[in-house]
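The values are calculated or read from the model by the stated rules, or taken from the named source; none is laboratory data. None of the values given here were measured: they were computed from a predicted structure. Cβ coordinates were reconstructed from backbone atoms using ideal geometry, including for glycine residues, and neighbour counts include every protein chain displayed.
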Amino acid sequence: MASNQRKISIRGAGVGNMMQLSGKTSNILPDAPIITDAPRCNNSMVRCSTAYIPPLLPYDQWKDWGINRPTQSCLFAEATCGDLKLCIKMAINLDKEPEPNPDARDPDAAYDPDDSTNAKPPSHHRVAQALLDEYHFYQDNLQDLEGTLVPRHYGIWSFNSTWGGIVIVSAIEWAGSSAFHLFESWTDRDTLKQRVACVLATSQLHKHGIEHGQLLSLSSARHVLFDPESETVRFVDFSCSKAAHKCARPVFPSLNGTFADPGCCPEVAAVTRILGIYDYVSPLQESDDEDEDDVFSPVGLLSQSQSPATLA
C-alpha cells in the first residue's frame, strides 16, 4: 500500500479508501488499515464536570453530523493502525449544506464565531478548517515537541463515503485521557506529583513559545491529557494556538490562592486553578503549621530539576 493511501474502517459505517491531503510529514503510519471505534462528539462549550466523557454515538446519530444542527466540535474516535494507537478526528458531510436552523435568532445576521445558533458559514466546514489549521500549526511550530509535550501527527486524509459524503480525517497519536477525568475518577491513584506535572508541562510548553489558547476554563479540561502508565502529560487541539509566546514568570501559587508573582502567566495559573492545587493538602504537609502566605513548593515530590525555582 502506498504511503499516501490507507483504508479506514469506522465502526457501524464500513470501509473507506483514504488519500493523504497534507504534504510530506516525518511521521508515517504503519502499512495497515485504520480501525476505529464508534465516534464521540464533544459538542458543548461548558461541562458541569471536568470528568465528563462524551458517549459513543450510534450510527443514526453521528452520520448526520453538521447537517441536522450546528456543531462546535469534530467527531473523534479511538483507533488502531497495526500496533499504533491513534485518535482519529473527523469532519464529515462536507459536500452537503446544513438544514435550516430554526433556533437561529436571525438567519441573515452576520456570522458570530461565539454564537452556536448561527451556522454561517456552515459550522461543519469551520470544524474541518480547524483540523487543517491545527495540522499546519504542527508543521510550523510543534515538530520538535512531537512525542514529548504533544502527540505525533500523522497527517490529514480524505475520502468520499456513501454514508457521510466527503470526509476529512486527522490522524494523531493516542496520548491518554483527560488528566482532569483521571484525577476525579482515580482517587486512589491521584497524587500531588501528577497534578504538578500538568502545571510543569504547561510551563514547558510556554518555554517553547507555544500558547495553547484553550486552557483558561473548565471546558478546556479535555485538552490536557495524562497517560497513567508512563505518567506523561501531553496537549491536544492546537487550532487556536499561537507561537512566539513569552511568559512573564510562570511560577506556582501561594497556599492562600494568590500568586507570588503578579506577572504569572494566565494559562499556567488557569491549569493550576482547575487542577485544584490551591486546595490540595498533601499527607506530607502540616497545614496547621504552615504560613498561608508561604509559596507552595512541591520540591519534595519532584526532582530538583523540576522544582518551581527552575520555572522562573
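Figures for the structure shown
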| quantity | calculated |
| --- | --- |
| Selection count where residues are within 21 Å of Ser177 (Cβ to Cβ) and not in a loop (DSSP other than H, G, I, E, B), scope region 199-222 | 11 |
| Test set (1) modelled with pLDDT of 95 or more; (2) surrounded by 18 or more Cβ atoms within 10 Å (Cβ to Cβ) - Ser9 fails condition number | (2) |
| Residue list for region 68-99, restricted to those being assigned to a strand (DSSP E or B) and charged (D, E, K, R) | Glu78, Lys85, Lys89 |
| Positions within region 214-230 being surrounded by fewer than 15 Cβ atoms within 10 Å (Cβ to Cβ) and under 17 Å from Arg152 (Cα atoms), in sequence order | Ser230 |
| Residue within region 153-172 that is over 17 Å from Asn17 (Cβ atoms) and surrounded by fewer than 21 Cβ atoms within 10 Å (Cβ to Cβ) present | no |
| Count of region 143-159 residues which are in a strand (DSSP E or B) and without any contact (Cβ under 8 Å) to a residue 40 or more places away in the chain | 0 |
| Checking Ser73 against (1) polar (S, T, N, Q); (2) within 14 Å of the chain's Cα centre (by Cα); (3) modelled with pLDDT under 80, the condition it does not meet | (3) |
| Residue match in region 32-53 (condition: outside any loop (DSSP other than H, G, I, E, B), at pLDDT 90 or above and more than 23 Å from the chain's Cα centre (by Cα)) | no |
| Answer from Asp95, Asp83, Asp103, Asp112 - the residue that is acidic (Asp, Glu), at pLDDT 90 or above and more than 23 Å from Ile172 (Cβ to Cβ) | Asp95 |
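Per-residue answers, yes or no, for (1) at pLDDT below 80; (2) among the charged types (D, E, K, R); (3) farther than 30 Å from Leu132 by Cβ:
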site	(1), (2), (3)
Val199	no, no, yes
His206	no, no, no
Ser241	no, no, no
Val251	yes, no, yes
Ala260	yes, no, yes
Gly263	yes, no, yes
Gln285	yes, no, yes
Asp293	yes, yes, yes
